[in-house]
Amino acid sequence: MKIGVYVCHCGGNISEVVDIKQLTSFAEKQSDVAIVRDNAHMCSDVGRNLVLEDIKKHNLDRIVVAACSPQFHGKTFMDIVKKAGLSPYLFEMANIREQCSWPHFDEPELATRKAKDLVNVGIAKVKLDESLERKSMPIGKRVLVVGAGIAGIQAALDLGDAGFEVFLVEKKPTIGGKMAQLSRTFPTEDCAACILSPKMADVPSNPNITLFTNSEVEKVSGFIGNFEVTINKKPRYVNDNCVSCGICEEKCPVKLPNEFEQGLTTRRAIYVPFEFAVPYKYVIDEPNCIYFQKGKCGNCKKVCPHDAVDFEQKPEKIEIKVDTIIVASGYDIFDASEKKVYGFGTNENVITSLEMERMIVHEAEGRPTRKIGNRIAFIQCVGSRDEQIGNEYCSRICCMYATKLSQLLKRTDPKRDVYVFYTDLRAYGKGFEEYYKRAARTGVKFIRGRVAELIEDPETKKVTVKVEDTLARQIIESEFDLVVLSVGMQPGEGTGKIAEVLRMTRSPGGFLQEAHPKFKPVDTLNDGVFICGCAQGPKDIPDTVAQASAAAARAIRLMNKGEYEVEPITAVVDEDLCSGCATCVSVCPYDAVKTEVKDDKRVAKVNEFLCQGCGSCSAACPSGASQQHWFMSSQLKAMVGAALGEEEE
Amino acid sequence: MIKKIEISPENEKFLKKVNELSGQVITLCEQCGTCSGGCPLVTEMDITPSQMMRIVQLGQKEVLDYKAIWVCASCFTCTVRCPRQIDVSKVAEALRQIILRQAVDHIDIKAIPKEEIACLPQIALVSACRKFTG
Ligand SMILES: Cc1cc2nc3c(=O)[nH]c(=O)nc-3n(C[C@H](O)[C@H](O)[C@H](O)COP(=O)(O)OP(=O)(O)OC[C@H]3O[C@@H](n4cnc5c(N)ncnc54)[C@H](O)[C@@H]3O)c2cc1C
Ligand code: SF4
Ligand code: SF4
Ligand code: SF4
Ligand code: SF4
C-alpha cells in the first residue's frame with residue numbers, strides 16, 4: 001500500500017493557524033505513507049496535477065487530501081484520482097479548515113494537534129477503503145413538472161423546446177398561477193397579462209408538452225430514471241365540444257365570489273376562470289353546482305347548443321413514467337385575518353394587495369369594481385418579518401409591488417393622497433432603486449414605521465392608521481379611505497402536498513429546501529427532483545423565470561447523456577448476519593430496503609438505485625448486518641481509534 | 001439644538017447592563033416603531049418607546065433622564081406586538097431599576113410632621129416610601 005498525503009494551505013486560511021511543517025512531518029511518519037506534499041491551493045490546476053503525476057510516477061494507490069470540506073471540494077479531488085486510473089473511492093478528505101483552522105483560529109498549537117488527528121483519521125480510513133465504482137443507469141427524456149404558474153410554464157417550455165417529453169400538471173382548471181392576476185409588473189411596468197398570455201398559449205401548442213389541468217399528483221414511487229407517477233384528474237364536466245360561447249353561463253342560477261378577481265366580482269357555477277385562461281374551456285364547480293348537490297337544475301346542459309356539458313364524467317387516474325421531476329408549486333399569500341390588529345375580514349376598507357392588483361386592472365379597463373377613494377395607505381410587512389405570527393423571513397416582493405401599486409394609483413389620479421408605511425424599504429434588484437425614486441417623484445409618500453393598529457370608524461367605515469414615524473419620531477394618527485395590506489408569501493398548501501408526496505425536505509420557513517444554497521440552488525436532496533419559483537422561497541418574476549430555466553437545464557444535464565452515474569455509497573446487508581427482522585425496512589425514508597426469501601431464510605435486500613446512503617438502516621440494525629459502503633464499521637472503528645490517539649508516532 | 005454624541009466601546013457597558021437586567025437582547029430592535037405606535041401613554045412621554053430602545057442600543061446613559069421610563073404603565077401592549085419578540089416593558093423596568101438601585105431618597109420620612117402622618121392614608125405612605133426612598 002502506498003498512500004499520498006497532500007496538505008493544503010488554502011491561501012493562508014489553514015496555514016496561518018496550523019503549522020504545516022509539523023503536520024507534514026507527522027504524516028511522513030505514518031505507516032504506508034509514501035509521499036507527503038503541501039501546496040498553497042490544492043484545488044488549483046497545479047495542486048491537482050501534483051496528485052495526478054504522483055499517482056502515475058510513484059504508483060500511489062490511496063490518497064488523503066487535508067484541506068477544506070468534502071462538500072466543497074471532495075468531487076474535485078475524486079475526479080483527479082479517477083483520472084489517474086484509481087477508484088475515486090480510494091480517497092479521503094481531512095477537513096482541516098471548517099473543522100480546524102477556522103473554529104480554532106485563536107489556538108494555533110491545539111489546532112495543529114487536531115489537524116494531525118484529523119489527518120491520522122483520514123489515513124486510518126483510507127487504508128480500509130474498498131475500490132468502489134460509480135454505476136451507470138440508463139435514463140430517458142421524460143419530465144414531470146408540478147404546478148403551472150410562470151415557473152412551471154417556463155420550465156416546461158424550455159424542456160419541450162429542447163426536445164424532452166414534458167407532463168405538466170396543474171391543480172387549477174387553468175394554467176398561469178398568480179402572475180395572471182397581476183396588473184403590471186415592477187420595475188418595468190409591463191402589463192402582466194400581455195407578457196404572460198403568449199407563454200401560456202405556447203404550452204398547448206408545444207408538441208412535446210402534455211398538459212393536465214384540474215389535476216394533482218397523488219403518488220410518486222420509484223427513483224430517478226424510473227419514477228412512477230399517479231395523476232388524479234378531476235372531471236371538468238364539460239367536454240371538448242365546448243366552443244366557449246358562454247350560453248350556459250347566462251342560464252346558471254348560482255352566483256359565487258370570483259376567486260380570480262379576489263371576490264371583487266361574481267361568477268357562475270359553470271365558468272371560465274378568466275379571459276386568457278388556458279385551456280379556454282368551461283368548467284363546472286362541482287361543490288357549488290345545484291345539479292351535483294341537489295340533483296336538480298341542469299340548465300347548462302339543456303341550453304348548450306354543442307352538447308358539451310357531460311355530468312357523467314368521472315375522475316380519472318392516469319399513470320405515467322418519468323425520469324426527472326421539477327416542482328414549481330408556488331406560494332399562497334399570507335392570510336391577513338391572522339394579523340388581528342389590522343381587522344382584515346371585518347373591515348370592508350382594509351384589503352389585500354392582490355385585491356388592489358385586480359382593482360387597478362378594472363380601473364384601467366374603465367369598469368371599476370369598487371370605490372378606491374382619495375386617501376390610500378399601504379402597510380408593509382404584513383405576515384412577513386413578524387415573529388408574533390411566526391414568519392421570520394422577508395417576502396422580498398412586497399416593498400416593490402407597493403412601490404408599483406402606489407405610483408400607478410397616483411399616476412391615474414394625481415389628486416390621490418398615497419402613503420406607504422414601511423419597516424425597511426428593500427429595493428435591492430436591478431432597476432428597483434430607480435423605480436423607488438420614480439415613485440417618490442410621482443408624489444407617493446414613504447413613511448418609515450410599522451403600523452401598530454387600525455381603528456375603524458363605525459359610521460363612516462374609514463380607517464385610522466396608528467403608527468410612529470420613526471424618522472421624525474412623531475406619532476401619526478390619520479384617517480384613510482382605503483388601507484392596503486402588503487401581504488407576504490407563504491409556502492402554499494399545494495407545495496405542502498407535493499412535498500409530502502415526494503418526501504422533500506423543507507427549510508425553516510416551510511419552503512422547499514435546496515441541496516446547497518449557493519452551488520445547488522435548484523437541486524434537492526432527492527436525486528432527480530428539482531425545484532424552482534416561489535415553492536423554493538419568496539421571489540419576484542425575473543428570479544422565478546431564471547430559476548425555472550436553471551431547473552430545466554439541471555434536469556437536461558442529467559437526462560441528455562442517456563445514462564447517469566449513481567454513488568456506490570449505499571447500504572449492503574450481510575445475509576449471514578441478517579435475522580430478517582425488517583427494522584431497516586421500517587426506518588428507510590426512501591423505501592429502498594425490502595425483505596425477500598433466499599435459501600429458506602428471510603433476509604433484507606437493498607435496492608442500490610433507490611438507496612441514498614443516509615445510513616438510517618445501518619444505525620438501526622440490531623444484528624450489525626446492515627453496513628454502508630465507504631463507511632463500514634471496521635472503518636469507523638479504525639477512525640475512532642486514530643482520533644483517540646492510537647497513533648504510530 | 002442638535003447634540004453631538006459619542007459612540008465608543010465605553011458605551012457597550014451600559015448596553016450590556018440593560019441587556020442583563022432586562023433579559024432582552026436590545027440590539028435585536030429593528031426600530032420599526034410598532035411599540036410606540038400602539039403605546040397608550042406615548043403622548044404623555046418625552047421620548048417614544050422605540051426611541052428609548054435606540055438610545056440604549058447606542059449605550060447612552062442619558063436615557064435615564066427621560067420621564068418616559070416612569071410614564072410607562074407596564075401594560076405590555078408593546079411586548080405582545082414587537083415583531084422581534086422583545087419584551088420592551090422589561091427594558092423600561094430595567095432602566096427604572098438602575099435608578100432605584102442608586103438608592104436615592106426623594107423624601108425624608110423623619111421630616112414629615114407627626115400630625116400629617118396621623119391623617120395620611122397608610123397606603124399612600126407605604127407607596128411613597130416604596131417609590132421615593134432608596
Ligand atoms: C400582490 C402581488 C404583486 C406582485 N407583483 C409582482 C410584480 O410586479 N413583479 C414581479 O416580478 N413579481 C410580482 N409578484 C410576485 C409573483 O407573483 C411571483 O414571483 C410569481 O407569481 C411566482 O410564480 P410561481 O410559478 O413560482 O408561483 P405561482 O404563481 O403560485 O404558481 C404555482 C402554480 O402551481 C399550482 N400548484 C400548486 N400546488 C400544486 C400541486 N400540488 N399540484 C399541481 N399544481 C399545483 C398552483 O395552482 C399555481 O398555478 C407579486 C406578488 C403579489 C402577491
Ligand atoms: S347544473 Fe350546475 S352549472 Fe349547470 S346551470 Fe345548474 S347550477 Fe349552473
Ligand atoms: S419585501 Fe419589504 S414589505 Fe415585504 S417583507 Fe420584506 S421588508 Fe417587508
Ligand atoms: S435491520 Fe438488520 S437484521 Fe433486521 S432485517 Fe434489516 S439488515 Fe436484517
Ligand atoms: S416593536 Fe420591537 S423591534 Fe419594533 S421598535 Fe419596538 S422594540 Fe424595536
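For chain A, what is the accessible area per residue in Å², given a 1.4 Å probe and the full set of protein chains? Can you show the working numbers first?
Values: 28930 Å² over 649 residues.
Result: 45 Å² per residue.
For the stretch A:456-563, the set of GluC sites (Glu not before Pro) satisfying both a DSSP loop assignment and a count of at most 14 other C-beta atoms within 10 Å is given as A:GLU459. The Cβ shell under 9 Å around A:GLU316 holds other residues with a net charge of +4, Lys and Arg each +1, Asp and Glu each -1.
The accessible surface of the protein assembly as shown, taken with every protein chain in place and a 1.4 Å probe, is 52 percent carbon and sulfur. Per-residue surface analysis assigns A:LEU644 an accessible area of about 130 Å², computed on protein heavy atoms at 1.4 Å probe radius.
In terms of distances greater than 27 angstrom between alpha carbons, the cross-link table entries A:LYS178/A:LYS301; A:LYS437/A:LYS461; A:LYS135/A:LYS605; A:LYS466/B:LYS67; A:LYS75/A:LYS116; A:LYS219/A:LYS605 yield A:LYS178/A:LYS301; A:LYS437/A:LYS461. Summed over all non-identical Cα pairs, the Kirkwood treatment of the stretch A:247-303 gives a radius of 11.7 Å. Over the residues of chain A, the helix contribution to mean residue ellipticity at 222 nm works out to -8500 deg cm²/dmol, using -39500 (n - 2.57) for each DSSP H run of at least 4. Give me the residues in the stretch A:447-490 whose solvent-accessible area, probe 1.4 Å, is reduced by at least 30 Å² once all protein chains are included instead of the chain isolated. When all protein chains are present, A:ARG448, A:ARG450, A:ALA452, A:GLU453, A:LYS466, A:GLU468, A:ARG473, A:ILE475 each give up 30 Å² or more of accessible surface.
Each residue, A:GLU275 and A:GLU218, gets one label point 7 Å from its Cα in the Cβ direction; the gap between the two is 3.8 nm. Reported value for chain A: 211 Å³ per residue, from the convex hull of its C-alpha atoms.
In plain terms, the chain from A:THR464 to A:LYS2 could stretch by 158.4 nm, reckoned as 0.36 nm per residue minus the Cα-Cα distance.
Summed over both chains, the contact between B and A buries some 1600 Å² of accessible surface at a probe radius of 1.4 Å. Based on the Kirkwood radius over alpha-carbon pairs, what is the Stokes-Einstein translational diffusion coefficient of chain B at 4 °C with 1.567 mPa s viscosity, in µm²/s? Approximately 79 µm²/s, per Stokes-Einstein.
Computed from the mean reciprocal separation of all distinct C-alpha pairs, what Kirkwood hydrodynamic radius does the stretch A:3-134 have, in Å? Display every interim value, and only then the final one.
Values: mean 1/r = 0.0699 Å⁻¹.
For the stretch A:3-134, inverting the mean 1/r across all distinct Cα pairs yields 14.3 Å.
For A:THR210, the residues whose modelled amide H falls within less than 5 Å of its own, excluding neighbours fewer than 5 places apart on the same chain, are A:VAL166, A:PHE167, A:LEU168.
So how much slack lies between A:GLU250 and A:THR412, counting 0.36 nm per residue of separation and subtracting their Cα-Cα distance, in nm? Intermediate values should be presented prior to the final figure.
Numbers: separation 162, 0.36 × 162 = 58.32 nm, distance 3.36 nm.
Computed gain between A:GLU250 and A:THR412 is 55.0 nm.
With the convex hull of its Cα atoms as the shape, the stretch A:570-628 has an orientation-averaged projected area of 3.3 nm². Shown here are the Rg and Dmax of the Cα trace of the stretch A:213-260, at 17.4, 50 Å.
Across the stretch A:471-622 the C-alpha pair distances fall into 10 Å bins from zero in the proportions 9, 26, 24, 19, 11, 5, 4, 2, 0 percent. First obtain the Kirkwood hydrodynamic radius of the stretch A:333-490 from its Cα pairs, then insert it into the Stokes-Einstein equation at 4 °C and 1.567 mPa s, and state the resulting D in µm² per second as a whole number. For these conditions, the coefficient is 82 µm²/s.
Between A:LEU128 and A:ASP335, what FRET efficiency follows from the Cβ-Cβ distance if R0 is 45 Å, with the result rounded to 0.05?
0.20
Sequentially through the stretch A:281-287, phi angles give Karplus couplings (6.51, -1.76, 1.60; θ = phi - 60°) of 9, 6, 8, 9, 7, 3, x Hz, Gly and Pro residues having no value and appearing as x.
What do you get for GluC sites (Glu not before Pro) in the stretch A:287-369 restricted to DSSP loop and a cutoff of at most 14 other Cβ within 10 Å of the site's Cβ?
Numbers: sites: A:GLU312, A:GLU316, A:GLU319, A:GLU338, A:GLU348, A:GLU355, A:GLU357, A:GLU363, A:GLU365; in loops: A:GLU312, A:GLU348, A:GLU365.
Sites meeting the loop and neighbour criteria: A:GLU312, A:GLU348, A:GLU365.
Between 0 and 90 degrees, rounded to the nearest ten: what's the tilt of helix A:633-643 against the longest Cα principal axis of chain A? Compared with the principal axis, the helix lies near 80 degrees. Karplus-based coupling profile of the stretch A:426-436, in residue order and whole Hz: 9, 10, 8, x, 5, x, 6, 4, 4, 5, 4, with θ = phi - 60° in 6.51 cos²θ - 1.76 cosθ + 1.60 and x standing for Gly or Pro. Amide H to amide H distances under 5 Å link A:ALA94 with A:VAL65, A:ALA66, A:ALA67, where only residues 5 or more positions off or on other chains count and H is placed in the peptide plane.
Between the amide H of A:GLY263 and those of A:ASN258, distances stay under 5 Å, these residues lying 5 or more places away or on another chain, with hydrogens modeled in the peptide plane. Helical content of chain B, expressed as a calculated mean residue ellipticity at 222 nm, amounts to -13500 deg cm²/dmol (DSSP H runs of 4 or more residues, -39,500 (n - 2.57) each, divided by residue number, nearest 500). Here the Karplus curve 6.51 cos²θ - 1.76 cosθ + 1.60, taken at θ = phi - 60°, turns the phi angles of the stretch A:509-524 into couplings of x, x, 6, 6, 8, 7, 5, 8, x, 9, 9, 10, x, 10, 7, 10 Hz, with x standing for Gly and Pro. Using heavy atoms of the protein chains and a probe of 1.4 Å, the accessible area assigned to A:SER136 is about 60 Å².
Approximating the spin labels as points 7 Å out from Cα along Cα→Cβ, the A:LEU110-to-A:GLU575 distance works out to 5.1 nm.
Just to confirm, what accessible area per residue do you get for the stretch B:23-134 at 1.4 Å probe, in whole Å²? Don't skip to the end; give the middle numbers.
Values: 6290 Å² over 112 residues.
It amounts to 56 Å² per residue over the stretch B:23-134.
The values are calculated or read from the model by the stated rules, or taken from the named source; none is laboratory data. Everything numeric here is computed off the predicted structure, so don't read it as measured data. Note that we place each Cβ from the backbone using ideal geometry, even for glycine, and neighbour counts take in every protein chain shown. For accessibility, only protein heavy atoms count, side chains too; no ligands or nucleic acids. Shrake-Rupley method; radii C 1.70, N 1.55, O 1.52, S 1.80 Å.
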